[in-house]
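Report on the structure given below.
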Amino acid sequence: MISTKLGGDNAAIHDEKESVGSNRSGNTTFAEIAATRRDVMAGSLAAAVSGFLAPKAFAGYSEGTGIPEAKQVEGGLVNFEPVTIEQYTAQSEGGTVPVISSDYEFQVLIPWGTPIVPGVAEYTGDPNTRPTAAEQELMVGIGHDGMWFFPEAGATSDGMLCINHEFGTDSHLLGKDDPENLDDVRLSQAGHGVSVVRIAEDEQGSWDLVFDDRNRRITVNTPVAFDGPVAGSPFLVNPAGNPPLGTVNNCGSGFTPWGTYLTCEENFNGYFGIVDPNYQLTESQARYGFDADGFGYGWYNFDPRFDISNKDYVNESNRFGWIVEIDPQNPNQPPVKHTALGRFKHEAIAIQETPSGKVACYMGDDERFDYCYKFVSEFRWEDAIQAGISPLASGRLYVARFFVTGRGRWIELSRRNPTLREAFATDEELLVNARQAADLVGATPMDRPEWTSIGQNNTVYWTLTNNSNRTEKNAANREVPNNDGHIIRTREFGGDPESQDFSWDFYILASSTRESEGVFTDPDAAYVDPEGRLFIGTDGGQPDGLQDQLTVFDTTENLGPGQDPTPKRLFVGVNSDEITGWATTPDLRTAFTNMQHPGDGNPQNTNFPAMTDGVTIPRDCTIVLKKRDGGVVGS
Ligand code: FEO
Ligand code: CA
Ligand code: CA
C-alpha cells in the first residue's frame, strides 16, 4: 500500500513546511526600498517606479551599468520543434510516460537501484520488496537532482558523473509510512546523498554506468571534513564527540574551474525532529525551520544525531546547511564543507572567475522570503590550488539588496559591519547564522531563490520559483501572490564579479506565458550553455494538463522593448515528477537531466521507467537527451 501521508505530490512535502517561511525580519518592502533610494536617485525614481509595471522595465537601464544584450546569433540558437500542449496530451498516455520534441530522442540512465559495483542485483521497482540498507549503499540513490559530468582526459563521452540524491519519501523508498527501526532509517539514509559514478557511451550510442574504482556513494553517514572559519569551532562539536559525518538533502549543484563537484545542502532541517516534548527551539533553530517532526522522514526517532533535543548531539544540526566539495577522481577524499560560504538552505551554486583570477559564487537560499547570496574568494583560485588550499576556504560573503531603479548592492556579511559586530561575537557565529546576519543588513526577501547560472557578459540568471504567501511586492519580486515564479538577471557594474554594485532586470515572469503555447510555471533548475541557451527545469503543477518540463530560451534572442523571451518546450515528464539537474558533454551534443520522484513513488500515477503496468514502483532516473541530427542539445 502506497502512503499518501505526505500529500499528492512532492510540492506537498516542501511547500507545506515552507508555506510560511521562517523569516520574520520584515526586510525591505517596496515602499521602503523606494524611500531609501529617493535621495540617491532623485531624478529617475518616478520613472523607475512607473516602469515597475513592465517586465522589461529595467533592461538596458543605462549605458555601461545595465544588462547588456547578448550578441545575436544569426538564425537563432534554439530551433527545434517544441512539444506542444496538444502533442503532450496525445502522447503522454495520461501522464504515465514522458514526451520529447520530435527532433530529439532520450534514454534512461542510472535509475534508483542501479548497482555501482559488481555483484549487486539491481532494484527494479518490485512493489513487494526494497533494497536493504547495505545494498542501497552500493546502488544509485533516489531523488536525482543536481549533477555534473567530468570527462576523462581527451574524451567527450566517457567520464565521471556526480549526481545528487536529494530525497525520497518513506513511502517511496521504504514502502511504508514511517521507519519502524534503525534499519529502516539506515535505508532511507543510504538512499539520500550523492553518487559518483563513471558513465560512458557505447558504439551504438547508448550510455551506461561503468564499474570503476572511483565509483562511490556518499551518504549522511560518510566521513566529511570542514574548512573555513567555522571549522574547529565549538559550533561543530557535540558532547557525544562523534566525528562529522555526511551530507543530506543534496539539491542543486555546481562545478569548479579546478575540476571538482559542489553539492548543496538544502532542506536539512527536514531530517531532524524533537523527541523531548519539553524542548524549546533556540532562535537560530527556529530561523532555520527546525520543528518537532521535520518533513516526515522520522530519522530522529531511531538515530539520536537527528534529535534536536538530545543534549549529546546539541550541535549536530550546525553541521548541515553548507556547500560541499567532492573530488570525483579521488574515492578516498572526504567531502569538504566550506563554511566561508555561509549556512543556509543552499539550493545551488554557480561560479565564475573574476578578472583578477578570484572566483565569485552565486547562491540561492530556497525558502519563502529568503535571500540571494554571493561569495568572493580571498585568493586567486590558481594560487590557492598551487598552495594546496581550497579557493573556497576563505573570502567574503555578501547578500543581495535590490532597488527598484534596476540596481542592487551586495552587502557584506562580516563583523566589519558594526551592526553585525554587535550581533555576533565571532565570525563563526555569524556564518552558522548567515540568515540572521542577512536579516540584520536589510537583504531583499525573495520568492524562493532556486538555481543560478552564468550566461554571456557575466550575467547571472536566478530562478525564483514561486511564493504563494507574498502579500507585498518588493523591487525584485513584484507579483502578489507569486504563484508562477520568475527569472531575474544580475550583472555587477563593469561586468566585474568582484564589484558590490550590480544591475538587474526581470528576464521573464512565468505568468506572462500563461496564455501562450510555451506556457511554464515554477522555474527551478537553470543552466546556460556556453553558447547562450538557457535550460529551465520546472517544479510545480504546470498548466494546461502539462507535467513538469524542460524548456529552453535563447538568451541571445533579439527582444524589442517590453517583449518577453520565448520558451521552447524540449521535454515533458510524467505525473507528479520534477524535472531537475543538468549536465552536458563538452561538445554539448549529449545532455543529461533528471526525472525526480516520478509519480511521487505511487505506481498508480506512473511506472516509469518501467512499462506501464500499474504495479511497478516508479524510479527516479537520469534522462539522456540527444538531437536526432547530432546537433547541439537545445538547438
Ligand atoms: Fe531542492 Fe529548492 O529545490
Ligand atoms: Ca530545486
Ligand atoms: Ca523547487
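The values are calculated or read from the model by the stated rules, or taken from the named source; none is laboratory data. Source: prediction; values computed, not measured. Backbone-built Cβ (ideal geometry, glycine too); neighbour counts: all protein chains shown.
Things worth noting here:
- Tally, over the stretch 431-468, of residues that are more than 17 Å from PRO523 (Cα to Cα) and either within 16 Å of ligand 1 (Cβ to nearest atom) or not in a helix (DSSP H, G or I) (or both): 8
- Scope the stretch 612-635; condition of a type in the set (S, T, N, Q) and in contact with a strand residue (DSSP E or B) (Cβ under 8 Å, 6 or more places away or on another chain); matching residues: THR622, SER635
- All positions within the stretch 288-324 that are assigned to a loop (DSSP other than H, G, I, E, B) and of a type in the set (Phe, Trp, Tyr): TYR288, PHE290, PHE295, TYR297, PHE302, PHE320, TRP322
- Within the option set GLU152, GLU166, being acidic (Asp, Glu) and more than 25 Å from the chain's Cα centre (by Cα) holds for one residue only, GLU152.
- Residues of the stretch 520-538 that are over 18 Å from MET363 (Cβ atoms), of a type in the set (D, E, K, R) and within 16 Å of ligand 1 (Cβ to nearest atom): ASP522 alone.
- For ALA348: the one exception among (1) more than 22 Å from ALA292 (Cβ to Cβ); (2) among the small types (Gly, Ala, Ser); (3) away from ligand 3 (no atom under 16 Å from the Cβ): (3)
- Pick from the stretch 567-583, criterion in a loop (DSSP other than H, G, I, E, B) and within 15 Å of ligand 2 (Cβ to nearest atom), ranking: surrounded by the fewest Cβ atoms within 10 Å (Cβ to Cβ): ASP577
- Residues of the stretch 453-486 satisfying the condition of being under 18 Å from GLY540 (Cα atoms) and of a type in the set (S, T, N, Q): THR463, THR465, ASN466, ASN467, SER468, ASN469, ASN482, ASN483
- Answer residue from the stretch 321-344, given it is over 20 Å from SER195 (Cα atoms) and small (Gly, Ala, Ser) and is farthest from the chain's Cα centre (by Cα) among those: ALA340
This table checks each residue for (1) touching a residue at least 12 places away in the same chain (Cβ under 8 Å); (2) under 30 Å from VAL197 (Cα atoms); (3) of a type in the set (D, E, K, R).
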position: ASN269; (1), (2), (3): yes, yes, no
position: ASP293; (1), (2), (3): yes, no, yes
position: ASP303; (1), (2), (3): yes, yes, yes
position: ASP307; (1), (2), (3): yes, no, yes
position: VAL359; (1), (2), (3): yes, yes, no
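- Residues of the stretch 418-428 that turn out to be touching a residue at least 60 places away in the same chain (Cβ under 8 Å) and more than 19 Å from ALA286 (Cα to Cα), as a count: 2
- All positions within the stretch 469-483 that are assigned to a loop (DSSP other than H, G, I, E, B) and buried (at least 24 other Cβ atoms within 10 Å of the Cβ): ALA475, ALA476
- Qualifying residues in the stretch 584-634 (those that are in a loop (DSSP other than H, G, I, E, B) and among the charged types (D, E, K, R)) - the one nearest to ligand 1 (Cβ to nearest atom): ASP620
- Within the stretch 510-541, the residues that satisfy the criterion of being buried (at least 21 other Cβ atoms within 10 Å of the Cβ), part of a loop (DSSP other than H, G, I, E, B), within 14 Å of ligand 3 (Cβ to nearest atom) and not hydrophobic (A, V, I, L, M, F, W, C) are THR521, ASP522, ASP539, GLY540.
- Some residue of the stretch 385-399 being touching a helix residue (DSSP H, G or I) at 6+ places or on another chain (Cβ under 9 Å), at pLDDT 95 or above and over 15 Å from GLY228 (Cα atoms): yes
- Residues of the stretch 445-456 include none that is more than 29 Å from ASN250 (Cβ to Cβ), touching a strand residue (DSSP E or B) at 6+ places or on another chain (Cβ under 9 Å) and small (Gly, Ala, Ser).
- Check on THR465, hydroxyl-bearing (Ser, Thr, Tyr) and within 16 Å of ligand 3 (Cβ to nearest atom): yes
- Any hit, the stretch 397-414, residues being more than 27 Å from ILE508 (Cα to Cα), of a type outside the set (A, V, I, L, M) and either over 20 Å from the mean Cα position of the chain (by Cα) or surrounded by fewer than 24 Cβ atoms within 10 Å (Cβ to Cβ) (or both): yes
- Evaluating GLY494 against the criteria (1) surrounded by fewer than 24 Cβ atoms within 10 Å (Cβ to Cβ); (2) over 23 Å from GLN72 (Cβ atoms) leaves one unmet condition, (2).
- Among the conditions (1) part of a loop (DSSP other than H, G, I, E, B); (2) touching a helix residue (DSSP H, G or I) at 6+ places or on another chain (Cβ under 9 Å), the only one that ARG416 does not satisfy is (2).
- Those strands (runs of 3 or more DSSP E) of the stretch 130-227 in which at least 1 residues are in contact (Cβ under 8 Å) with a residue 40 or more places away in the chain and among the small types (Gly, Ala, Ser), considering only elements entirely within it, cover 144-151, 158-165, 193-201, 225-227.
- ARG287 vs. criteria in contact (Cβ under 8 Å) with a residue 24 or more places away in the chain, among the basic types (Lys, Arg) and either within 21 Å of GLU428 (Cβ to Cβ) or within 16 Å of ligand 2 (Cβ to nearest atom) (or both): yes
- Taking each residue of the stretch 429-457 that is free of Cβ contacts under 8 Å to residues at least 60 places away in the same chain and surrounded by fewer than 24 Cβ atoms within 10 Å (Cβ to Cβ) and looking for partners that are outside any loop (DSSP other than H, G, I, E, B) and hydroxyl-bearing (Ser, Thr, Tyr) with beta-carbon atoms closer than 9 Å, six or more apart or interchain, yields VAL441/THR419.
- Looking only at residues in the stretch 123-155 that are farther than 17 Å from THR247 by Cβ and surrounded by 23 or more Cβ atoms within 10 Å (Cβ to Cβ), the one that is nearest to ligand 3 (Cβ to nearest atom) is PHE149.
- Residue check for ASP158: closer than 26 Å to GLU105 by Cβ and within 16 Å of ligand 3 (Cβ to nearest atom): no
- Top-ranked residue of the stretch 351-370 - restricted to ones that are within 16 Å of ligand 3 (Cβ to nearest atom) and in a loop (DSSP other than H, G, I, E, B), ranked as nearest to ILE454 (Cα to Cα): ASP366
- Scan of the stretch 220-258 for residues that are hydroxyl-bearing (Ser, Thr, Tyr) and either at pLDDT below 95 or surrounded by fewer than 21 Cβ atoms within 10 Å (Cβ to Cβ) (or both), ordered by number: THR222, SER233, THR256
- Remark: ASP620 falls outside the filter, which requires a residue to be modelled with pLDDT of 95 or more and either of a type in the set (Val, Ile, Thr) or away from ligand 2 (no atom under 16 Å from the Cβ) (or both).
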